[in-house]
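Bear in mind that the values in this text are calculations on the coordinates, not laboratory data. Owing to the predicted nature of the structure, the values given are computational and were not obtained by experimental measurement. Virtual Cβ from ideal backbone geometry, glycine too; neighbours counted across all protein chains shown.
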Amino acid sequence: MQANEAVARSRLRIVIVGGGSAGWMCAAGLARLLPATDYDITLIESDEIGTVGVGEATLPHIKTFNDMLGIDEAEFLRETQGTFKLGIEFVGWDRPGDRYIHPFGAFGEPWVGVDFQHHWVRAAQAGFDPGPIQDYSFAVAAARADAFEFPDGDRNSIRSTYAYAYHFDAGLYAAFLRRWATARGVRRIEGQVIDVGHNAISGHVETLRLKSGATLAGDIFVDCSGFRSLLLGGVMGVAWQDWSEWLPCDRALAVPCRRTTALTPYTRATAQRAGWTWRIPLQHRVGNGYVFSSRYCDEDQARETLLAAIEGEPLAEPHLLRFAAGRRALAWERNCIGIGLAGGFLEPLESTSIFLIQAAVIDLASLMPTPGFGNRMDPRLIAEFNRLFEIQYDRVRDFLVLHYAANSREGEPLWDHVRAMRLPDSLTHKIELFEASAAAPDYTYGLFSRDSWLSVLFGQGLRPRAYNRLADHLPLEELERRMRDLRSRIAANAGLMTAQEDFIAGYCTASPPAPPMESAA
């Protein structure tokens, strides 16, 4: 046996089934994090099979992922028609007409070792009107001004108290990562899987047979096949946990349109009678959609609502997606791992889809078996991956359900239902703890941060009865002075920021996208 053949056979063969954002994020992440001497990565995708491709809004974690890959930010934004994002604006979620922003940044400052919301509640209860808690977020002020600049590197500056994410074309992002990954050794095979070969004893997948007749062998198979869940759900038979009792929306219509208004640095989610509509501004267009429950709205009504909500000329016909909220009972079974829609789906209300892909890729790389043990999977690695998978999905679920449950939209069937439904025990505990003491979740692993929870809890009308009494160590007069000073500093600094439109023009303006090629008749 030649030396190079021995090396090739000692590598662990990772086969990724499916492209799109999930497949190519997985391929790129594993190629970057795992030593090429030990792992061989192949991705199978078919241009004949479309991807969902409606997720165009992200969380700040995507910058960490891109930075880990070593991607040039300006190039990435040009290639994906991307824009910057400071948060998400929610319109009408408590009652029609109201609005608040979930910012990617802090509310206030911790004084005397106590989180800011306790000082805000104390001031309100003491008779000093502190104004809306939204006024104490620099990211909110910048978003409202349609402004963007990079956070200040000086951690003492008020301009350092926020992070940012992106809006981008998900299809262009997958294509960008495809070029990046294949240039670094990932092998791409064009094809469709039509049959799966098992080991009769272990039940592990050993081979995939393609429509072309080719057969591909592997050691670890990553299922990025989308809602089909070809391997994890189909072959492995891992059960689906249905969460539609808490998240009843089961349809989405998506349509792009021309942009006619300012390039806003935030996603917008507007409550509608049977769900909610989204607006995501890109450089070359605006992404729009309507997530709704078919129990309370038919597709024709949904189409009318969506087209009435967009700001410019539609650039395509609305595209319908059917789904159910939930996750697989396990994300890793035997030698198959489900990532992205193959492992679970939560509606795009808080832009979590790409984060959940990213988190799974990082966890998989960290727990990847060491080559040399053949097709044997260490059950401890599998159990830990599944434990982390459950934490991620369950915590995101609670956060999304909160948006629905905490509403005052009386007389509308969907909203009456979700306001009255029995909540997951974990969410009930979080709400009751906040109402009793102003405490908010602050995870060290998983989404979302304390400030994220505060934005929704306060934004949708919940108010604590008490606060952390350690806040009383700050004299009330000093508290009032600090709060006035903080609001003033935020407003003054946000007013000096560059409009996002101008910032992008100087940093990463993309060329207009090429028109689609006509097919040969």
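What nm value, rounded to one decimal, do you get for the distance between Leu315 and Ser10 when each label is placed 7 Å out toward the C-beta?
Calculated label separation equals 5.0 nm.
Tell me the trypsin sites (Lys or Arg not before Pro) within region 356-443 that lie in a loop according to DSSP and have at most 13 other beta-carbon atoms within 10 Å.
Hits after loop and neighbour filter: Arg376, Arg422.
So what is the calculated 222 nm ellipticity per residue for the chain, using -39500 (n - 2.57) for each DSSP H run with n of 4 or more, over all residues, to the nearest 500 deg cm²/dmol? Walk me through the intermediate numbers first.
Values: 15 runs with 179 residues, N = 521.
It lands at -10500 deg cm²/dmol.
What list of whole percents do you get for P(r) of region 16-167, with Cα-Cα distances grouped in 10 Å bins up to the one holding the largest distance?
It works out to 9, 27, 29, 19, 12, 4, 1, in whole percents.
State log₁₀ I(q)/I(0) for the chain at q = 0.07, 0.09, 0.11 Å⁻¹ as given by the Debye formula over alpha-carbon point scatterers of equal weight, solvent excluded.
Results for the chain at q = 0.07, 0.09, 0.11 Å⁻¹ read -0.41, -0.68, -1.01.
Please give the length that would be gained between Gln192 and Thr370 if that part of the chain were fully extended, namely 0.36 nm times their separation in residues minus their C-alpha to C-alpha distance (nm, one decimal).
Stretched out fully, the Gln192 to Thr370 stretch lengthens by 61.2 nm.
Which of the chymotrypsin sites (Phe, Trp or Tyr not before Pro) across region 311-417 are loop residues per DSSP, with 14 or fewer other Cβ within 10 Å?
Listed in order of number, the matching sites are Phe373.
Out of all DSSP beta bridges in the chain, what portion is antiparallel? Express it as a percent rounded to 5.
Close to 70 percent.
What GluC sites (Glu not before Pro) in region 419-521 are in a loop by DSSP, with at most 16 other Cβ atoms within 10 Å of the Cβ?
Sites meeting the loop and neighbour criteria: Glu518.
Just the Kirkwood number for region 251-322, please: inverse of mean 1/r across all distinct Cα pairs, in Å, one decimal.
12.1
How much length would be gained if the chain were fully extended between Met421 and His473, taking 0.36 nm per residue of separation minus their Cα-Cα distance, in nm to one decimal? Don't jump to the answer; show the numbers that get you there.
On the way: separation 52, 0.36 × 52 = 18.72 nm, distance 4.02 nm.
Taking 0.36 nm per residue and subtracting the Cα distance, the gain is 14.7 nm.
May I ask you to derive the FRET efficiency for Arg387 and Ala262 from their Cβ-Cβ distance with R0 = 56 Å, giving the value to the nearest 0.05?
Working from the Cβ atoms, E equals 0.80.
For the Cα atoms of the chain, what angle does the longest principal axis make with the long axis of helix 379-405, in degrees from 0 to 90, nearest 10?
40
Tell me the angle of helix 170-182 to the major Cα principal axis of the chain, expressed in degrees between 0 and 90 and rounded to the nearest ten.
50
Quick check on packing: order 161-173, 218-230 by the mean number of other C-beta atoms within 10 Å, highest mean leading.
Averaged packing, sorted descending, gives the order 218-230, 161-173.
Could you tell me the largest-minus-smallest coordinate of the C-alpha atoms of region 212-275 on each of the three principal axes, in descending order and whole angstroms?
52, 32, 21
By how many nm would the segment from Arg209 to His429 grow when fully extended, if each residue of separation counts as 0.36 nm and the alpha-carbon distance is taken off?
Values: separation 220, 0.36 × 220 = 79.20 nm, distance 4.88 nm.
Residue separation times 0.36 nm, minus the Cα-Cα distance, leaves 74.3 nm.
What shape does region 389-467 have by the C-alpha gyration tensor, where a ≥ b ≥ c are the square roots of the eigenvalues, rounded means a/c under 1.5, and otherwise prolate means a/b greater than b/c and oblate the rest?
It comes out oblate by the Cα gyration axes.
Considering region 308-372, what Rg and Dmax in Å follow from its alpha-carbon atoms?
Cα radius of gyration and Dmax of region 308-372 are 16.9, 59 Å respectively.
Enter the angle in degrees (range 0 to 90, nearest 10) between the Cα long axis of helix 116-125 and the first principal axis of the Cα atoms of the chain, meaning the one along which they spread out most.
Helix 116-125 and the main axis of the chain meet at about 30 degrees.
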